[in-house]
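The block underneath contains the structure these notes are about, expressed in structure tokens.
The values are calculated or read from the model by the stated rules, or taken from the named source; none is laboratory data. Remember, it's a predicted structure, so these values are computed and weren't measured experimentally. Counting neighbours? That spans all protein chains shown, and the Cβs are built from the backbone with ideal geometry, glycine included.
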Amino acid sequence: MASTGPHINLYALLGVKREASQDELRASFRSLSKRFHPDTTELPAAEASERFRALQDAMAVLSDPEQRRNYDSTLNDLFIDQSKNLSKNSGKDSSKVSIQQTIIPERRALSGGELFALLLLGGALVFSLLIGLALAFLGRF
């Protein structure tokens, strides 16, 4: 099993669904490894190295059919345990439920390409609105 431990969802780490094929796993790993490789990222070296290692560990587990079956079994057991803990705590103060009982995907900043795409999309929207208003105005005359 990977050093990332059973409480981290390896599928969420790679950004794929649990039913993902080997090709989908490889494609996602390639994309993310380019983003988080210590030589190609803007992240601090220690953080980039840690994230890249986590990606490698996740891929090592999920690309091997036997390890993937064992991980899926562990994930099922973890889900069952979480369900039991949540049902036990349902009558108690919900703030006492541990944050580790829920798997929360990590948020990241938008990349330069994503920001540029959003800028283009916003510009296209504004341009379309201006054309629509101009045509509506000219249609009156």
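Residue pairs whose Cβ atoms lie under 9 Å apart, sitting 6 or more positions apart in sequence or on different chains, and linking a residue in region 40-58 that is crowded, with 18+ Cβ neighbours inside 10 Å to a partner that is outside any helix (DSSP H, G or I) and aliphatic (A, V, I, L, M), are ARG51/LEU43; ALA54/ALA2; ALA54/ILE8; ASP57/MET1; ASP57/ALA2; ALA58/ALA2; ALA58/ILE8. If you scan region 9-29, which residues turn out to be loosely packed, with under 12 Cβ neighbours inside 10 Å and in a helix (DSSP H, G or I)? Within region 9-29, GLN22, ASP23 meet the criteria.
Residue-level check: of (1) modelled with pLDDT of 85 or more; (2) out of contact with any Pro (no Cβ under 8 Å at 6 or more places or on another chain); (3) of a type outside the set (Gly, Ala, Ser), PHE52 misses just (2).
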